[in-house]
1. Name the pairs whose Cβ atoms lie under 7 Å apart, with the first residue in the range A:11-36 and at the interface with chain B (Cβ under 8 Å from one of its Cβ atoms), the second buried (at least 20 other Cβ atoms within 10 Å of the Cβ) and among the polar types (S, T, N, Q), and 6 or more positions between them or separate chains?
2. Can we say A:F166 is open to solvent by less than 60 Å² (accessible area, probe 1.4 Å) and over 30 Å from A:M25 (Cα atoms)?
3. Would you confirm, using the coordinates I've provided, whether B:A60 is at pLDDT below 90, open to solvent by less than 10 Å² (accessible area, probe 1.4 Å) and at the interface with another protein chain (Cβ under 10 Å from one of its Cβ atoms)?
4. Identify, from the list B:D102, B:D154, B:D145, the residue that is surrounded by fewer than 23 Cβ atoms within 10 Å (Cβ to Cβ) and not in a loop (DSSP other than H, G, I, E, B).
5. Go through (1) assigned to a helix (DSSP H, G or I); (2) open to solvent by 30 Å² or more (accessible area, probe 1.4 Å); (3) of a type in the set (D, E) for A:D381 and report which single condition fails.
6. Which strands (runs of 3 or more DSSP E) sit wholly inside the range A:230-348 and have at least 1 residues that are assigned by TED's automatic domain parsing to the domain that holds A:E147, small (G, A, S) and open to solvent by 20 Å² or more (accessible area, probe 1.4 Å)?
7. Can you tell me which residues in the range A:111-137 are of a type outside the set (S, T, N, Q) and at the interface with another protein chain (Cβ under 9 Å from one of its Cβ atoms)?
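The values are calculated or read from the model by the stated rules, or taken from the named source; none is laboratory data. Treat the numbers as computed from the prediction; the structure is a model and nothing was measured. A quick note on method: Cβ atoms are made from the backbone with ideal geometry, for glycine too, and the neighbour counts reach across all protein chains shown. Surface accessibility is based on the protein's heavy atoms, side chains included, excluding ligands, DNA and RNA. Shrake-Rupley method; radii C 1.70, N 1.55, O 1.52, S 1.80 Å.
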There are 2 protein chains.
Amino acid sequence: MNDKRQKPLSTEPYKGVRDFYPEDMYVRKYLFDVMRTVVERYGYVEYDASVLEPTELYRAKTGDEIVNEQTYSFTDRGGRDVTLRPEMTPSVARMVAARARDLTFPLRWYSIPNIFRYERPQRGRLREHWQLNADIFGEAGSGADIEIISIARDIMQTFGATDADFTIRINHRALLNAIFSDYLGISNKQADALAKLIDRKAKLPHEAFKNQLTDIVGDKADTVLDCCETQTFDTLLARLPEQFNDMESVAELHNIFSTFSQEGATNVVLDPSLVRGFDYYTGVVFEVFDTNPGNNRSLFGGGRYDRLTEIFGTEPVSAVGFGMGDVTIRDFLQTRNLLPEYHSTADLYLCTTDSSLIGEAHRLAHTLRTKGLKVELNLSDKRVGDQIRIANKKAIPFVVCVGPTELETKQYKVKNLATSEEITVREEEIHEAIQVPKG
Amino acid sequence: MNDKRQKPLSTEPYKGVRDFYPEDMYVRKYLFDVMRTVVERYGYVEYDASVLEPTELYRAKTGDEIVNEQTYSFTDRGGRDVTLRPEMTPSVARMVAARARDLTFPLRWYSIPNIFRYERPQRGRLREHWQLNADIFGEAGSGADIEIISIARDIMQTFGATDADFTIRINHRALLNAIFSDYLGISNKQADALAKLIDRKAKLPHEAFKNQLTDIVGDKADTVLDCCETQTFDTLLARLPEQFNDMESVAELHNIFSTFSQEGATNVVLDPSLVRGFDYYTGVVFEVFDTNPGNNRSLFGGGRYDRLTEIFGTEPVSAVGFGMGDVTIRDFLQTRNLLPEYHSTADLYLCTTDSSLIGEAHRLAHTLRTKGLKVELNLSDKRVGDQIRIANKKAIPFVVCVGPTELETKQYKVKNLATSEEITVREEEIHEAIQVPKG
């Protein structure tokens, strides 16, 4: 020990990260439970990796901005460059590549890792957040794209959101590239600049966007604008040369839109201006948007990245998936009043009229726990009224008091704290008298 | 994108951390599920904090070795000193201190964080591991000590271990200090050195231990050795001066040993040489040991630390808890064959005789999922035999095939892959025909 303890330490967490008190953790667990329940319906199995990864993993394929300025990277005591993962996709690609010969494809894998970005904390953008990642590896067709988008939609519905609350916007990287080269006839360099500009379209005023567009593509600016603002897949196709009808990407988009249309989905739409920042996407990309006009932003998204495992020198493995962050989805659900109310873990708080009876209460608690009840036990010499107040503040639904009379008669009063109802039952009936509300 | 991707990246994880493939994750989830189930029986609620903490949090109270040599610490881009938590206790003490005025005590809190230590990886000692932390805050009496030790014992029993498989060794820091000052009559400096030596007793050869002991306490070495090797609490008390009988620590130990004795526990014993490294313990300390003679080591432990929140300048909050690591407990359970067999998440693999039927299979899967089944769907044009082989390798228990006959007759064969039994049922009976083995 040293003298530093005489100067009080701050109780603040590190900047931009969160403490999860039980009430916060309750919400986080609810979000994760829904995510797990839905992906497991589709047979997805959970994996994980360490938050620490070799820095070189991110040098190859992630967008430049992230590698250079937004990662937590440092050198360990042994001279290794190490990074706190800024996303999960490179880690899972690494794991798949490492065992590509032994794994049974297709893989349906999910994980809910925490990920780190060094950025200025603001609403919906913290330095640490959690993100569901669900991916299919080894399935090239649009059936896999459809499954991934269906899961995204199913999770939103399981949270209680309807088609009116969110829109799923879809685009295709290969179609976008073909439009750039075969329709607009622009160079690769122009195409790169154009893709980056389109990606920022929603963040720019219309005039600024148009000016920058003209800087890149000159007099083709109006044609690009026209394409960007096309509302339906059929309208876009009608505008493009006939040869586009034979493209695989067009057939894939046809399959996707007709499937969701047959299922009655009214919120799955084309967005020709959707790019998504990451370099590694190769096919379908999609993003889910909040329809609230005051908050019309991307909630989460994903897409197909068939070549990411190549950076490990292995055969390409086709892959499609998405990532869904906990912060944006919590904000979305909160705005729509779709988050559950907090309850304690405990079903029952066991009070004692006198601290000499705690041993007896301990034995009763043991019996009730073996019957499946979650029981918190008073260990103090506080007055019974104070014990009940504690149970109430903790949002524990029931209390039972252990006193000399109860121990003698083996009859106990079970009190429901929400309704103040009290019923008297025999000891062996206590667990039946407790009907626990489920969150 | 740049040219680095032409040189293949390594698929190895960072040194000393683990990738969790689904089979590994299955074991980790099993361990966490048992931990959660047991602590929640006692009414504990879950909390969490970020793995990133201000470095100063560890300068005050953790053992020196850990702060100076064993942490992952670095300076962030904004000049802040930040550390990957090497243990959870300082974080939870920080959180409790931050809201000490608003929280409803006693708190019963648990968490299963990952924690980091920079050390040479070896069996049971990785750079990252997970650790259940369960603590009671705001309950000073030995009732809380008993509850915490009961939970540790209950978890071991729920894993399938019996009293013959493990021993719970208990000591008391206040008693140890009293023995040092009032019985041995040694100085504070000698006592510090002696505590550190005793802590390493099991790791030293007997001769080396005795020599170092003599260096510290001179001719009192034999007396110390005698105390260290005392087997029962009563024997130790008989050796100590009568005044010790009036000590609170002695009364607390009496209460603990008599409670476990009444419950029929045969594996809760005194260990006067038990110290536990952390500086912050103030009362009861305990460790759980494997009884396997080939592996007679500490599995996990805990104790009372009533003064840790003081470093934040708040009123002291009494606290008792323990930490249980995933690596040592997994090794223990593996040695005793107590780990479960792997099963996929999916209950059912849905095959198709022709890829043109995938749309129909997709609809059937949807119906079965709404009835609670976890269904993985074939999306490929592989032959049915190959599809079944995939389901088998993935350890999915049942398969159903969708072909033209099935679609016409609405009759399906449900095949149990473990037994090769096949039964024919109507479409709406499929979910009833699937009896899923639970791991």
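1. Sorted first by the residue in the range A:11-36, then by its partner, the pairs are A:P13/B:S50; A:Y14/B:S50; A:V17/B:S50; A:R18/B:S50.
2. Values: open to solvent by less than 60 Å² (accessible area, probe 1.4 Å): yes; over 30 Å from A:M25 (Cα atoms): no.
Judged against the criteria, A:F166 is not a match.
3. Working: at pLDDT below 90: yes; open to solvent by less than 10 Å² (accessible area, probe 1.4 Å): yes; at the interface with another protein chain (Cβ under 10 Å from one of its Cβ atoms): yes.
In short, yes.
4. Values: B:D102 fails: not in a loop (DSSP other than H, G, I, E, B); B:D145 fails: surrounded by fewer than 23 Cβ atoms within 10 Å (Cβ to Cβ).
Just a single option satisfies the conditions, and that option is B:D154.
5. Result: A:D381 passes all but (1).
6. On the way: elements: A:268-270, A:284-290, A:298-304, A:319-325.
Of the strands (runs of 3 or more DSSP E) lying wholly inside the range A:230-348, those with at least 1 residues that are assigned by TED's automatic domain parsing to the domain that holds A:E147, small (G, A, S) and open to solvent by 20 Å² or more (accessible area, probe 1.4 Å) span A:298-304.
7. At the first step, the residues of the range A:111-137 found to be of a type outside the set (S, T, N, Q) are A:112-113, A:115-121, A:123-130, A:132, A:134-137.
Listed by number, the residues that qualify are A:F116, A:Y118, A:R127, A:E128, A:I136.
Condition check ((1) under 31 Å from the mean Cα position of the chain (by Cα); (2) more than 20 Å from B:G303 (Cβ to Cβ); (3) among the β-branched types (V, I, T)) across all residues:
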site: B:H172; (1), (2), (3): yes, no, no
site: B:I179; (1), (2), (3): no, no, yes
site: B:T214; (1), (2), (3): no, yes, yes
site: B:D222; (1), (2), (3): no, yes, no
site: B:T235; (1), (2), (3): no, yes, yes
site: B:S273; (1), (2), (3): yes, no, no
